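Undergrad: Here it is, the structure in full.
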Amino acid sequence: MSPSTAPAVELEVRGRTVRLSSPDRVVFPARGLTKLDVAQYVIAVGDGLLGALLDRPTTLERWPKGVFEGARMATRQDSRGDAFFQKRVPTGAPDWVRTARIAFPSGRTADEVAPSELAVVAWAVNLGTITFHPWPVTSADVEHPDQLRIDLDPQPGTDFTDAARVAPRLRELLAEVGLTGVPKTSGGRGLHVFVPIEPRWTFVEARRATIALGRELERRMPEEVTTAWWKEERGAKIFVDYNQMARDRTIASAYSIRPNARATVSTPLRWDEVGDVHPDDFDMTTVPARFAQVGDLFADLTAGAPGRLSLEPLLAMADRDERDHGHGDLPYPPEYPKMPGEPPRVQPSRARQV
């Protein structure tokens, strides 16, 4: 990242003044895009980005040194990365930055940023935030998701085009159980479909519903779709990543920039576009004009929007899977404590060696 020479600037963000330090600092060297460019982008798509984050506990993915070649993310095992996930509200946050208290699978708690106005998003950009990862809950009820998030994740040998072929069948299946989803690019190779649901079910139930949905999609497209948790069993298929509905698992929000050389954006789509677009079509230089033209295609997912739908048909499908096929729970992510009813969390090839 190039050193900054310009003085700080003050941005007026819907009645709030936000200080942006080092506005000329290059964040995306391959595109020559600066910190000020990032701030201007989030303001340009502000209605959509704030709608995706509104009142949701949100993890900040911070790249204070920019997205340069060789940059790496800090991990639990190695904190020496160039970027990191900020799960707790940063020290020194202004008093107008609201928070929500969430509980991790370990039982520990944290106060996360819960954006209530666009100025909070711009303030986070000043900290080097590029991607926003909101929980599928609101601060008023952090235990009951109001979104079902379906991640169509291409495995080696597949790409976005393969996920786009699966998406219409997923849409058909959702319609059969009375659900309506909104697709978006991940900003990478994958495709996400978000469904607004009534906040009546726990994370465990929402995850179980996602497993049932994935299994039925797998039955209908066995050569193209998998729900296998272990990578060695997936093959060249689209993985329905059901664990994205587990507690403390988040997905990049709609309109978030992704940390890659092109500065692509996770962009909502119309269903009739899914088979005709590519993730590289949408980046922080092109999405503002698109947003001005098509509006917020993700508006139905905003917290408090009407039209929340029921998970009962999917939970009934999960009951039938267990009763008729013996299909119970699937493994949780490795950092989780052992969950009730979970099968052994052992890689199949290792289990065969025992």
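The values are calculated or read from the model by the stated rules, or taken from the named source; none is laboratory data. From a predicted model like this one, the values you see are computed outputs, not experimental measurements. Glycine also receives a Cβ, built like all others from the backbone with ideal geometry; neighbour counts cover every protein chain displayed. Heavy atoms of the whole protein, side chains included, go into the accessibility calculation; ligands, DNA and RNA do not. Shrake-Rupley method; radii C 1.70, N 1.55, O 1.52, S 1.80 Å.
Undergrad: Quick check on this structure: which one of THR202, THR161, THR227 is in contact with an Asp or Glu (Cβ under 8 Å, 6 or more places away or on another chain) and either under 23 Å from LEU54 (Cβ atoms) or open to solvent by 50 Å² or more (accessible area, probe 1.4 Å) (or both)?
TA: Values: THR161 fails: in contact with an Asp or Glu (Cβ under 8 Å, 6 or more places away or on another chain); THR227 fails: either under 23 Å from LEU54 (Cβ atoms) or open to solvent by 50 Å² or more (accessible area, probe 1.4 Å) (or both).
Residue meeting the stated conditions: THR202.
Undergrad: Also, quick follow-up: Of the residues that sit in segment 246-273 and are of a type in the set (D, E, K, R) and on the phi < 0 side of the Ramachandran plot, which one is least open to solvent (accessible area, probe 1.4 Å)? Break it down stepwise before answering.
TA: Step one: list which residues in segment 246-273 are of a type in the set (D, E, K, R), which gives 247-249, 258, 262, 270, 272-273.
So of that shortlist, the ones also on the phi < 0 side of the Ramachandran plot come out as 247, 249, 258, 262, 270, 272-273.
Values: ARG247: 51, ARG249: 60, ARG258: 51, ARG262: 93, ARG270: 103, ASP272: 115, GLU273: 25 Å².
Per the stated criteria, the residue is GLU273.
Undergrad: Got at least one residue in segment 301-315 being closer than 17 Å to GLY46 by Cα, within 23 Å of the chain's Cα centre (by Cα) and assigned to a helix (DSSP H, G or I)?
TA: Yes, that holds for at least one residue.
Undergrad: Is it true that PRO348 is modelled with pLDDT under 95 and open to solvent by less than 30 Å² (accessible area, probe 1.4 Å)? Explain how you work it out, then say what you get.
TA: Numbers: modelled with pLDDT under 95: yes; open to solvent by less than 30 Å² (accessible area, probe 1.4 Å): yes.
Answer is yes for this residue.
Undergrad: I've got another one for you. With basic (Lys, Arg) and open to solvent by less than 40 Å² (accessible area, probe 1.4 Å) as the only criterion, which of ARG101, ARG56 stands out?
TA: Matching residue, one of ARG101, ARG56: ARG56.
Undergrad: How many of the residues in segment 137-158 are open to solvent by 20 Å² or more (accessible area, probe 1.4 Å) and either of a type in the set (Val, Ile, Thr) or touching a helix residue (DSSP H, G or I) at 6+ places or on another chain (Cβ under 9 Å) (or both)?
TA: In the first step, residues of segment 137-158 are kept if they are open to solvent by 20 Å² or more (accessible area, probe 1.4 Å); the result is 138-144, 153, 156-157.
Within this subset, residues satisfying the condition of being either of a type in the set (Val, Ile, Thr) or touching a helix residue (DSSP H, G or I) at 6+ places or on another chain (Cβ under 9 Å) (or both) are 138, 142-144, 153, 156.
The total comes to 6.
Undergrad: Another one. Those residues that are part of a helix (DSSP H, G or I), farther than 14 Å from GLY190 by Cα and touching a helix residue (DSSP H, G or I) at 6+ places or on another chain (Cβ under 7 Å), I need them from segment 254-300; list them, please.
TA: Of everything in segment 254-300, those that are part of a helix (DSSP H, G or I), farther than 14 Å from GLY190 by Cα and touching a helix residue (DSSP H, G or I) at 6+ places or on another chain (Cβ under 7 Å) turn out to be TRP271, PRO288, PHE291, ALA299.
Undergrad: Any idea which of (1) under 27 Å from ARG200 (Cβ atoms); (2) open to solvent by 40 Å² or more (accessible area, probe 1.4 Å) is the one ASP276 doesn't satisfy?
TA: (1)
Undergrad: Also: Go through (1) within 27 Å of ILE197 (Cα to Cα); (2) of a type outside the set (Phe, Trp, Tyr); (3) in contact with a Leu (Cβ under 7 Å, 6 or more places away or on another chain) and name the single condition ALA263 misses.
TA: All conditions pass for ALA263, except number (1).
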